[in-house]
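Report on one structure; see the data block that follows.
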């Protein structure tokens, strides 16, 4: 099942996405006298996803033409979750090819980082390059959304705590990080430095997540692309790794790494493309070029 978070009547609302048509959960509740939560956050928190998915599979073909089907095109969307308890990331996580994977020592812990919720923006929002940075990069990533509270789990248990997936664009003040690697948190934490997609895909709806292609595009041109199967630390490992550091809660988001970054400048459009997901696009605004108020 695919869900999308849209702004309808001034508030965030979850809708089931079927091609370009959407069915608001609120409308489903009205028509079928159901009581599903009406935001993606609540559907995850209250563990309703699997029940909703089963319900929809049994009822979607019986929905008559009078049901208020809406079109996604032209509607304002929002990140699936704008205030997770944790936004976590793994760095340098793709090998150039399957052949290169054997060159990496997985006994060495991956590069990891935290980003604040204040960094989160959604589709079509502007990434703002801060005045302190003169070389800023952005990169497409597959993001994992946690569905169960967990601690100290092993990789073979990870699938049980994953709710689903979305797209993301991770932004870094690359020059700040290059000045001193201890500055990683600062370089990753500026406002607008993490775009989260509006589309949420349940784990049951992706038959083989390792086959997904992830692409970073700049102004419509592919800069980097790779396959999830070429992750040095796979998704299950990443979830397990973080769970052994901290308790993970429903709605927490893990950025799983990128095929590669693009240097972004004022006026650019950076894009994350993942097979089977809506493209995630953001314009870039350099705050050094914004006229100061007198």
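The values are calculated or read from the model by the stated rules, or taken from the named source; none is laboratory data. Everything numeric in this text was worked out from a predicted model, so none of it was measured. Cβ atoms come from the backbone with ideal geometry, glycine included; neighbour counts cover every protein chain shown.
Check 223, 292, 213 and return the single one that is out of contact with any strand residue (DSSP E or B) (no Cβ under 7 Å at 6 or more places or on another chain) and either modelled with pLDDT of 95 or more or farther than 27 Å from residue 109 by Cβ (or both).
Checking each option against the conditions leaves just 292.
Any residue at all in region 105-127 that is at pLDDT 95 or above, assigned to a strand (DSSP E or B) and within 18 Å of residue 16 (Cβ to Cβ)?
Quick first cut of region 105-127, residues at pLDDT 95 or above only: 112-127.
Those still in the list that are assigned to a strand (DSSP E or B) too: 112-115, 120-121, 126-127.
Filter once more, keeping what is within 18 Å of residue 16 (Cβ to Cβ): none.
The answer is no, given that none of the residues of region 105-127 is at pLDDT 95 or above, assigned to a strand (DSSP E or B) and within 18 Å of residue 16 (Cβ to Cβ).
Can you tell me which residues in region 254-277 are surrounded by 20 or more Cβ atoms within 10 Å (Cβ to Cβ) and closer than 25 Å to residue 22 by Cβ?
271, 272, 274, 277
What is the number of the single condition among (1) part of a helix (DSSP H, G or I); (2) surrounded by fewer than 24 Cβ atoms within 10 Å (Cβ to Cβ); (3) touching a residue at least 60 places away in the same chain (Cβ under 8 Å) that residue 238 does not meet?
Of the numbered conditions (1) part of a helix (DSSP H, G or I); (2) surrounded by fewer than 24 Cβ atoms within 10 Å (Cβ to Cβ); (3) touching a residue at least 60 places away in the same chain (Cβ under 8 Å), the odd one out for residue 238 is (2).
Just the residues that are farther than 27 Å from residue 161 by Cα and either in the same structural domain as residue 254 (by TED's automatic domain parsing) or assigned to a strand (DSSP E or B) (or both), please, taken from region 76-97.
Here is the first cut: in region 76-97, the residues farther than 27 Å from residue 161 by Cα are 76, 96-97.
Correct list: 96, 97.
Being out of contact with any helix residue (DSSP H, G or I) (no Cβ under 8 Å at 6 or more places or on another chain) and either touching a residue at least 24 places away in the same chain (Cβ under 8 Å) or under 18 Å from residue 77 (Cα atoms) (or both) is the filter here, so list the residues in region 26-39 that pass it.
26, 27, 31, 39
Would you confirm whether or not region 175-184 contains a residue that is under 17 Å from the mean Cα position of the chain (by Cα) and modelled with pLDDT of 95 or more?
no
Filter region 161-185 down to residues that are in contact with a helix residue (DSSP H, G or I) (Cβ under 6 Å, 6 or more places away or on another chain) and more than 16 Å from residue 127 (Cα to Cα) and give me whichever is surrounded by the fewest Cβ atoms within 10 Å (Cβ to Cβ).
183
If a residue has to be surrounded by fewer than 21 Cβ atoms within 10 Å (Cβ to Cβ) and under 25 Å from residue 75 (Cα atoms) to count, how many in region 108-160 make the cut?
8
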